[in-house]
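The values are calculated or read from the model by the stated rules, or taken from the named source; none is laboratory data. Keep in mind that what you see is a predicted model, and the values were worked out from it rather than measured. Here Cβ is always computed from backbone atoms with ideal geometry, including for glycine, and neighbour counts include all displayed protein chains. Remember, those area values only see protein heavy atoms, side chains included, never the ligands or the DNA or RNA. Shrake-Rupley method; radii C 1.70, N 1.55, O 1.52, S 1.80 Å.
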Amino acid sequence: MAKIIISFLGTGGYTEKHFEARGEYHETDYTIDEKEFSEKFVASALLKHHNADKIIFIGTLKAMWDEVYNHFCNDVSPDIHEKMWDFKNTATHQTEITEGAFIQSTFSNSIVSPILIKYGLNNDEHEFNIRQLFNIQEHINSGDKLYLDITHGFRSLPLVLTGVLNFLIDHIIKDVTIQDITYGMREV
């Protein structure tokens, strides 16, 4: 029985005051059950709070995979980080998902499991994203407890994810429970 955080990964806030560069989440204080956590990622605070075993991140090719790599992986390689950073900055909504296959292999020996999705700009991309979300079943087993973080879920993706998970629980993987759904962003 594993405790698994499922979280959406965004492109990060703007790092320059003129809104020209993206790619960073800022450290924030999160309060969960009266405990405080200072973290860049909501998923990191949830991981610590729930003593979870794994994080499934869902994001596009332009998401901050480089920052996830720096934050969650041991023995970080500057070359891999630079490759991810360069890829994030050159990828567009037209970049084929297969070009990001190295992202998934980069995290193969870590607590992170990436699910790569498209932007959802048309019906084909929505259908692709639903099929990608069904790949979550490869990362969960009967008896697992799921904690959903929808903080950076774009458009209708949190609703679609909840529907996919309910289908998996009802029809494919029994005895999996959604323990909590959280939203960890607050505009000041």
Item to check | Odd one out for residue 76, checked against (1) open to solvent by less than 70 Å² (accessible area, probe 1.4 Å); (2) assigned to a strand (DSSP E or B); (3) farther than 21 Å from residue 129 by Cα | outcome: (2)
Item to check | Criterion (within 19 Å of residue 161 (Cβ to Cβ), touching a residue at least 60 places away in the same chain (Cβ under 8 Å) and in a strand (DSSP E or B)) met by exactly one of 56, 115 | outcome: 56
Checklist entry - Restricting attention to region 18-34, and to residues there that are at pLDDT 70 or above and in a strand (DSSP E or B), which single residue is surrounded by the most Cβ atoms within 10 Å (Cβ to Cβ)? => result 30
Next on the checklist: Every residue in region 118-143 that is more than 23 Å from residue 68 (Cα to Cα) and part of a loop (DSSP other than H, G, I, E, B), please.
Outcome noted: 121, 122, 141, 142, 143
Item to check | Yes/no for residue 95 being more than 15 Å from the chain's Cα centre (by Cα) and more than 19 Å from residue 152 (Cβ to Cβ) | outcome: yes
Item to check | Exclusive hit being among the β-branched types (Val, Ile, Thr) and closer than 25 Å to residue 37 by Cβ, set 173, 181, 130 | outcome: 181
Checklist entry - With respect to residue 62, is the statement that it is part of a loop (DSSP other than H, G, I, E, B) and open to solvent by less than 80 Å² (accessible area, probe 1.4 Å) true? => result yes
Next on the checklist: Given the condition surrounded by fewer than 20 Cβ atoms within 10 Å (Cβ to Cβ), modelled with pLDDT of 80 or more and aromatic (Phe, Trp, Tyr), answer yes or no: does some residue in region 137-155 qualify?
Outcome noted: no
